[in-house]
Every structure is written in C-alpha cells, then in structure tokens.
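A.B. asks: The structure follows.
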Amino acid sequence: MLILDLVVQEWKKSYRAQGFYKNLAVSLLLGFFTLYMAAILLFIGFSLNEILEKADNTLNPMELFNGAMLYIMLMGLIIRFAMQQLNTFNLPPYQVLPIKRSLLINFLLLKPLTNPINYFLLLVVVPFAIKSVVGYYSVGVALRFVLSFVFLIWFNSLTGAYIKRKYGSSLLSFLLIILAFAGIVALEYFKVFSLFNISKSFYGFIVLNPYGLLVALLMVAVAFMLNKWFFSQNFYPEKFNSKIKSDKTVTRDLSFLNRFGVIGELIGLELKLILRHKRTKSILYMSGFFLFYGLLFYTNKAYAHNSGMLFFVAMFMTGLLMLMFGQWIISWDSSHFDSLMTKNIPIRTYLNANYYLLLAFNVICFVLTTPYFFFGMKIVYMHLTAFIFNAGVNIFLLLFFATYNTRKLDLSKSSAMNYQGTTYKNFLIVLPLMFLPMIIVGVLTSLASIAVALWTLATLGALGILFRNQLITLCVNQFNRRKYIMAEGFREGE
Amino acid sequence: MIQVSNLQKAYNGVTVLNIPDMTIPQGESFGLVGNNGAGKTTFFRLILDLIEPTQGEVKIDDQLVMRNDAWKTSTGSFLDEGFLIDFLTTEEYFKFVGKLHNKTDGDIALFLDSMKDFFNDEILGSKKLIRDFSKGNQKKIGIAAALIGDPKILILDEPFTALDPSSQIRLKRFLTDLQTRFNMTMLISSHDLNHITEVCKRIVVLEKGNVVKDLQTGDDTLNELEAYFAV
C-alpha cells in the first residue's frame, strides 16, 4: 500500500526530528494547555443553548447559530491565513520515484484534514447539537447540523491552503482581508447589509432540506478541485517555491545607525534579522495585535481593584516587544553564532548591542501605549513604573538567562503554533520576569498601598538602570561561562 | 605567533585531539591534512575559541584565546556556512564585517575591487541574499569576508571543496600572493593533497587526533603523503 508508506514516512519525519523527545516538558505543558482549552470549549458547547435562548430575539438557538455560520467560515479563513502552516510534505524526493503524481497531490491536499486541531470546534458544535438541535428539531437534523459543520471545516481548510499557496501571505494581503471583514461587520452593525440573514437562510436550507447537505459537499468539492488545478499548473518545485517565496529583499536604509559605531552595526543586523525571517516577522505582526490587549483589562470593572493583575498587564504592554523578542535573544543568532564569535566583536559590545535593542523596544512600546493614559492617572503611574522596572531589571534578567537557551532556532517558519526551539527554560524565565512583580504589587498593595508597591518596583528598576555597567559585566561573565555550551548547541541543529 | 601547548579535547572521555606542543610562526603557511574525524576542524575551532579545550591552551601573540577578544582583530576565518550571516545581501555583509574593522566605505569598495577576479562577476551587484547563493559562491563570500580586515592570521577549513576548477586555481594563486605580499600566516585544511602541497610550506598530518607527520614541503612531499594515505 503506497499511501500507507507515505503516511508512515510522514509520521517518522515528525518523531525522528531531533528534539522530539528532548522537549518532553514543553509537550506536557502544551498538552495541559490543550486539555484546558478543550474543557472550556466543551463547557461553552453545553451552555450555548441556554445562552442563545436568553438572546433578545425571536429566533431559536439553531437559527442563531446558522446565522453565525458564514461569520465562522470567514473568521476561520482569516485565522488559517494568518496561522496555518502549509503542509510541508517534501515533494522532490518522491517526484523522482515511480509514484503517480495525482496520488502525491491528493495526499498533500487531504493530509491536513486529518489534523485534529481542525476539529476542535466540534467540541462546541456536538454538545450544542445534542442539547439544542435535537430538542428543537430531531436527531436527523442534529446529525445534518454536525455534518454541515464538518464540511465547513473541510471547505475552509482547502480554501485556506489554496489562497495561501496562490497569493502567499504578505502583510498587505492580510490587512486587506482584515479590513474587508471589518467592513462586513460594520455593514451588519449599521443594518445596511446583513450577512447574518444570508447565512441563516443558506445554512437553514443546508441543514433542513434533505438535499441541502449536497450543496455543502459541492462546496468542498469545488475547493478541492481548485487546489488540484493549482497543482496541475505548479507541479514543478521551482515554480511552486517561487510562488511561496513572496518575500523579496527590500534593503531598507538603516544608515542612521551608523553613528553608533559597532553597536549601531549590530543593532542594524538584528533589525534586518527581524525583517527578513518569517518567524520574527510574524512575532512583530502579532505584537501589533497585542497592543490592544490592554483594552480588555483597563475597561473591565472586575480588574479595577486588582492592582497586581493591572500591573501585570502594564508590564506586558510596555514591555511587549522586549518580552516577545527578548526570550529569543542571542539564540536567534544561532545560525551565525560562530560568525559573531570569531569576527572582531568584543563580547561586551555584542551584549551591549542587544541591551540597547531591548531598551529601544521598551521605549517604543512605552510611547505606543501612551493612549492608555486616558484611562486615568493610575494607569499612567502603572505604565511608568512598569517601564522603569522592565528597563532596569527585566532587561538584565533576559540577557542573563538567554545564555541558557542552547537550541538552534529555525527562523524560516511562521511563529504561530511554532514551538521549535522552545524548552521549559522559556517558561521558567517568565516566572521571575512577570509573575514575581505581579505578586509583589498585589501583596504590597494589600499590606500598605498601591503607591508603596509602585515606588518599591520603580526604585528597583532605577537601581538597575544606575548600575547598568556592573550588571552588563555580570552578563558578560555569564556569557563567557556559557559560550562553548551555546556554540555547541547552536551547531547541532534540529 | 600561534602557540599550542598540551592541547587536548575529549568528548565523553574519548580524546579526539591531542597536540602536546606546536608553534606556528609568523608568515608560515600551515597545511592540515587527515581523513574524516582526524580532528582538523576541532583543532581550528579550538584556535578560534569556539570550543573549550579539555586541557591545555592556545595562545595568539602571547595572549590566551580563551574567553578573550584580543585575537579577533588580527584573525580572519572561514570554516563553514555558520561563519556567514545568511540573511544579508553580499554587499551588506561585507560592509558589516568591514565596519567591525573600522573600514570606511571607500576602503571596502577598494577591497571588493581587488576581489573582482576571484568573484568572477557572480557575487556582487545582485540583491540576492547570501542564503540563496550556491555552496561554491557562499565559500567565496566567506573567504573574502575573512580577508576584509587585513588579518595577520587566516584560517580556512577545506577552502577548495565546492569551488569550480577555475576558482580553485584562482584561490591558489591568491593565497600564494597573500603570503608573499603580506607575509600572512595561514592555516588551511584540505583533502586535496595536490592543492595543499602547492599552497603550504609546512604540512601536518593528523590521525585520530594525533600529529603523525610534520613536514616542510619539498619535492617529494606529495609522494610521501600519497604513500601515507594509500590504502
């Protein structure tokens, strides 16, 4: 059975990848996270009927759900566009073997459908179908309802892959899609055009009409044929790769960094590294979204008196880029670490460059989050303190503990759901960095006052900034101690 | 120039390199040959302070290389692709390395001009990233970058592999030229006995981490080496 061989070889590829076993701690952590998410989704699934019954509307829960179907489809496409990794089944070694090409393509297209992550939302849909649809309609309708959702997942997976293969994933196309989606939502809100009503009648037909499911299946078939057609046009890897590789080198002018000497050169190098790799670029985009994270907390009454939590958010907001990139600092140089170690760069200069880069990130984020000051003086004080603490304490913690990341980092893959090179150490470092200050603020606020808490952390941060040179020396010594272990780890590859 | 004393490197108790004593004087062209696993790259990595010796030390200009930055100003090296910064374009990369050695843009342009022959019009002037170049051209880029800071010591690991025949001949001529004009100290490893005996005045043969031959290149060095490696 040829197809079985292919499946087995794909499976071997994943578990023979180096670091599959080494990363047990991370796998366990992710496992727990997955279970937690699953539990939440199940809970939503079981309570969705009650929630929708309370809605101020004459429609029954399934009609409401059907109205949301097309929105779910669009959201799914957007998320897939941003996050889904294209199946990286490596064609060339198989192309030269006597294997039918349609078999290869079918395998390439259909394999992603077996990924359980696609079916995560069924944890909501199935309980809802059992509790609500069976009650309002019948078992048969409930079954069709679930099936229509499965077809929607297939349609999305295939269409998402097609769009991504055909148009690549540039920031511009992503922004255009987001804008279009926002437009649809706005039209709905102002009652100009209702996708909800279209969705309700369309999916109402699919679920209730005996032949309705055929329409959904037809959609899947069309998406599948589109993909097949794309591959018939682009079977040769050279053509195909040039399609994916949409990133042309834009040599940005970073000459303003020249006046800072070697440190400026090194910072320029790191900026180019960020802009020219998929993984770092997607971290950058993601950070853009996270800038709005504060809105969730600062507007929420429940957190108004939880100073610890608020400070946690303040630190996250003002240190966003530092935290997102800082956990990879030094190890993102892994592929050219030998180069940096043998070129005329003193270690102190190298670490200083990284320090200034992180500091610049801090300043940028602090400035970008100043609009939050409209939420009151408390937020102003919190952000200021968080900024000083990040710049004086956390920055050095990151530099110091970065030397324990000895895994080579593959920057060519998108960062979403990408845990390559992640070890338990990445999670360990977050504890002193984020949770300790949060606890300090929480405890000091309840013992004394919020002012005492903030002043304490601000003083710590100021001391760190004051003793910058000594702390850098500490990091340099640590770096020199760990240098050989790092160099060896980075050479090993994954 | 380079002084090695009692140098040992062991992995899990297995000694992979053991050089009790060796001096490489200024201006010497030092060739290193040996089968795979003989310890050539390990030796170079120890000199470049990329791995920690189990025992012993390496000194460059009477200064220990370990955890020291001083030797980096006078040493140029290229061992493998890890010595390149592959997401830069070639011009950006040369400029970056040049700036580390306090070169002005004019200096760098002059240097690149002198490499024109070696580059054979394939390296400069395209917006291609280094990672998109072929192995052979990446090697040329790495060798050129090692030379940009006017090093007193040049360390190259198998510089002839992956180069096309013309480039191999050019590189040989180029290396000989560097020796005569700048009295540059060179450490070169190679699997090609012809090339190495042509370029180097001294040939050291490593086997399982030990120095088994240390020859001054003469008329029958090539024959001696061929006899040694014959199976």
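The values are calculated or read from the model by the stated rules, or taken from the named source; none is laboratory data. Since the structure is predicted, the reported quantities are computational estimates derived from the model, not experimental observations. No Cβ is skipped: glycine too gets one built from the backbone with ideal geometry, and neighbour counts run over all protein chains shown. The area values use the complete protein model at the heavy-atom level, side chains included, leaving out ligands, DNA and RNA. Shrake-Rupley method; radii C 1.70, N 1.55, O 1.52, S 1.80 Å.
A.B. asks: List the residue pairs whose Cβ atoms are under 6 Å apart, where the first residue sits in segment A:339-353 and is facing chain B (nearest Cβ under 7 Å) and surrounded by 23 or more Cβ atoms within 10 Å (Cβ to Cβ), the second is assigned to a helix (DSSP H, G or I) and not aromatic (Phe, Trp, Tyr), and the two are 6 or more positions apart or on different chains.
C.D. replies: Taking only residues 6 or more apart or on different chains, the pairs are A:LYS343/B:LEU100.
A.B. asks: Condition first: modelled with pLDDT under 90 and among the hydroxyl-bearing types (Ser, Thr, Tyr). Can you find one or more residues in segment B:90-97 that meet it?
C.D. replies: Checked against the condition, which is being modelled with pLDDT under 90 and among the hydroxyl-bearing types (Ser, Thr, Tyr), segment B:90-97 yields no hits at all.
A.B. asks: Which of (1) within 18 Å of the chain's Cα centre (by Cα); (2) at pLDDT 85 or above does A:GLY308 not meet, given it meets every other one?
C.D. replies: (1)
A.B. asks: If you go through segment B:214-224 one residue at a time, do you hit one that is part of a strand (DSSP E or B) and under 21 Å from B:ILE148 (Cβ atoms)?
C.D. replies: Scanning segment B:214-224, I find no residue that is part of a strand (DSSP E or B) and under 21 Å from B:ILE148 (Cβ atoms), so the answer is no.
A.B. asks: Which members of segment A:447-481 meet the condition of being surrounded by 15 or more Cβ atoms within 10 Å (Cβ to Cβ) and of a type in the set (Phe, Trp, Tyr)?
C.D. replies: A:TRP455, A:PHE479
A.B. asks: Tally time: how many residues in segment B:194-209 are more than 20 Å from B:ILE143 (Cα to Cα) and open to solvent by less than 70 Å² (accessible area, probe 1.4 Å)?
C.D. replies: The number of residues fulfilling the criteria is 6.
A.B. asks: Taking into account only those residues within segment B:92-109 that are open to solvent by less than 20 Å² (accessible area, probe 1.4 Å) and of a type in the set (Val, Ile, Thr), which is nearest to the other protein chains (Cβ to nearest Cβ)?
C.D. replies: The residue in question is B:VAL97.
A.B. asks: Could you please find all residues in segment B:134-154 being within 13 Å of chain A (Cβ to nearest Cβ) and either hydrophobic (A, V, I, L, M, F, W, C) or within 28 Å of B:GLN26 (Cα to Cα) (or both)?
C.D. replies: Within segment B:134-154, B:ILE141, B:GLY142, B:ALA145, B:ALA146, B:LEU147, B:ILE148, B:GLY149, B:ASP150, B:PRO151, B:LYS152, B:ILE153, B:LEU154 meet the criteria.
A.B. asks: Given the criterion without any contact (Cβ under 8 Å) to a residue 24 or more places away in the chain, away from chain B (no Cβ under 14 Å) and surrounded by fewer than 20 Cβ atoms within 10 Å (Cβ to Cβ), identify the matching residue among A:ALA360, A:ALA302.
C.D. replies: None of the other options fit; the residue is A:ALA302.
A.B. asks: Tell me the residue from B:THR54, B:THR89, B:THR73 that is among the polar types (S, T, N, Q), at the interface with chain A (Cβ under 9 Å from one of its Cβ atoms) and farther than 18 Å from A:ASN344 by Cβ, please.
C.D. replies: Among B:THR54, B:THR89, B:THR73, only B:THR89 is among the polar types (S, T, N, Q), at the interface with chain A (Cβ under 9 Å from one of its Cβ atoms) and farther than 18 Å from A:ASN344 by Cβ.
A.B. asks: All but one of (1) open to solvent by 40 Å² or more (accessible area, probe 1.4 Å); (2) modelled with pLDDT of 85 or more hold for A:SER232; which doesn't?
C.D. replies: (2)
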